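The values are calculated or read from the model by the stated rules, or taken from the named source; none is laboratory data. Source: prediction; values computed, not measured. So basically every Cβ, Gly included, is an ideal-geometry build from the backbone, and we count neighbours across all protein chains shown. When the accessible area is computed, the model is the full protein with side chains, heavy atoms only, and any ligands, DNA or RNA have been set aside. Shrake-Rupley method; radii C 1.70, N 1.55, O 1.52, S 1.80 Å.
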Amino acid sequence: MMSRWSPGKSLRISRLGPPDGRFLFVPMDHSLADGPIVCERRFHELVQQVSAGGADAVVLHKGRARGLDPRVLQDTALVVHLSGSTSHAPDADAKILVGSVEDALTLGADAVSVHVNVGSDTEAEQLADLGAVAGACDRWGLPLFAMIYPRGPRISNPHDPSLLAHVVNIAADLGADLVKTTWSAPLGAMADVVSSSPVPVLVAGGPADGGDLAVYAREALAAGCSGLAVGRRVFGHSDPRAAVQELAAIVHPTPSHTGRGPAEFPSRPSPSRVLAGSR
């Protein structure tokens, strides 16, 4: 079958995970919104630990990525996050673009990510930004990872499965290749969200006190999830490398999970694929 992606995008998507079609992402873009996640002298070490633990990709802002020794990411893909806001703003849900596809390409990124809050006061502008970045990604052959959430004054239940199905389809309609959203309540209802989407869906793993992460991971995969994207519950762990290793063994249960190759995406991505985790 003919691929739905350009050769360049297909190549970069293959770098985001091994051929089993599952993914383990670790977002570490939180310092812009909330402040440092670790002291500066430990950040490089943290990325090393996450990579050594078996993460398929890390998500960073362009400045953090620029300061890393490239050898740290020799076996881990780089996703450059293009959106930002801070907790000090009048509206922390008002995400704006703080980087470009061209910025990411100069850093050797394998993908970019964009954050959209559906139901926020600036939803229209955020949707326009997502569509514009999707166009640039298609022109440059760079995968687009959309982080899209029901979040804002018009949202009463951000974990409503029908609402989650709507937001992931918004991202797909605007050109995202992978989509991340919040979890459904109950978690098993994510199966309905996934079945509605033409692109793989990444679901946030729940609150920080959401219980045993390994148990959550297994439940998410049993509900049809095809991976994890875990941020705070990795970099906030007393042993980030061990946390990632445990998750990698669940996401990629075969010994070959560290290999790279063409991801098992069909020409029309299977709606049964989900990426699960928490930022």
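Filter region 80-95 for residues that are assigned to a loop (DSSP other than H, G, I, E, B), open to solvent by less than 30 Å² (accessible area, probe 1.4 Å) and touching a residue at least 40 places away in the same chain (Cβ under 8 Å); which is farthest from Val230 (Cα to Cα)? Checking each candidate, the answer is Ser85.
Candidates are the residues of region 145-179 that are under 17 Å from Ala124 (Cβ atoms) and among the aliphatic types (A, V, I, L, M); the one that is farthest from the chain's Cα centre (by Cα) is Ile155. Evaluating Gly67 against the criteria (1) of a type outside the set (Phe, Trp, Tyr); (2) open to solvent by 60 Å² or more (accessible area, probe 1.4 Å); (3) more than 19 Å from the chain's Cα centre (by Cα); (4) closer than 21 Å to His252 by Cβ leaves one unmet condition, (4).
Only one of the numbered conditions (1) open to solvent by 10 Å² or more (accessible area, probe 1.4 Å); (2) within 19 Å of Leu144 (Cα to Cα) is violated by Ala104, and that is (1).
A search for C-beta distances below 6 Å between a residue of region 99-128 that is closer than 19 Å to Trp5 by Cα and any residue that is among the charged types (D, E, K, R) and not in a strand (DSSP E or B), counting only pairs 6+ apart in sequence or on different chains, returns Asp110/Arg12; Asp110/Arg15. For Ala33, indicate whether it is open to solvent by less than 40 Å² (accessible area, probe 1.4 Å) and either among the polar types (S, T, N, Q) or in a loop (DSSP other than H, G, I, E, B) (or both). Considered against the rule, which asks whether it is open to solvent by less than 40 Å² (accessible area, probe 1.4 Å) and either among the polar types (S, T, N, Q) or in a loop (DSSP other than H, G, I, E, B) (or both), Ala33 comes out as no.
In region 222-244, the residues that are in contact (Cβ under 8 Å) with a residue 24 or more places away in the chain reach residues that are of a type in the set (Ser, Thr, Tyr) and assigned to a loop (DSSP other than H, G, I, E, B) with C-beta atoms within less than 7 angstrom, at least six apart or across chains, in these pairs: Gly224/Ser272; Val230/Ser278; Gly231/Ser278; Arg232/Ser278; Arg233/Ser278. For region 46-79, filtered to residues that are of a type in the set (S, T, N, Q) and in a loop (DSSP other than H, G, I, E, B), the residue that is farthest from His30 (Cα to Cα) is Gln74. For region 189-207, the set of residues classified as open to solvent by 10 Å² or more (accessible area, probe 1.4 Å) and either over 18 Å from Val244 (Cβ atoms) or free of Cβ contacts under 8 Å to residues at least 60 places away in the same chain (or both) consists of Ala189, Ala191, Asp192, Ser195, Ser196, Pro198, Pro207, listed by residue number. Restricting Arg41, Arg4 to those that are open to solvent by 50 Å² or more (accessible area, probe 1.4 Å) and touching a residue at least 40 places away in the same chain (Cβ under 8 Å) reduces the list to Arg4. Count of region 180-196 residues, restricted to those that are assigned to a loop (DSSP other than H, G, I, E, B) and either among the hydroxyl-bearing types (Ser, Thr, Tyr) or under 13 Å from the mean Cα position of the chain (by Cα) (or both), is 2.
Residues in region 44-55 that are out of contact with any Ser or Thr (no Cβ under 7 Å at 6 or more places or on another chain), in contact (Cβ under 8 Å) with a residue 12 or more places away in the chain and either open to solvent by 60 Å² or more (accessible area, probe 1.4 Å) or closer than 30 Å to Arg4 by Cα (or both): His44, Gln48. Flag not set for Arg139, criterion: open to solvent by 20 Å² or more (accessible area, probe 1.4 Å) and in a loop (DSSP other than H, G, I, E, B). Going through (1) in a loop (DSSP other than H, G, I, E, B); (2) within 23 Å of Gly99 (Cβ to Cβ) one by one, Phe145 falls short only on (1).
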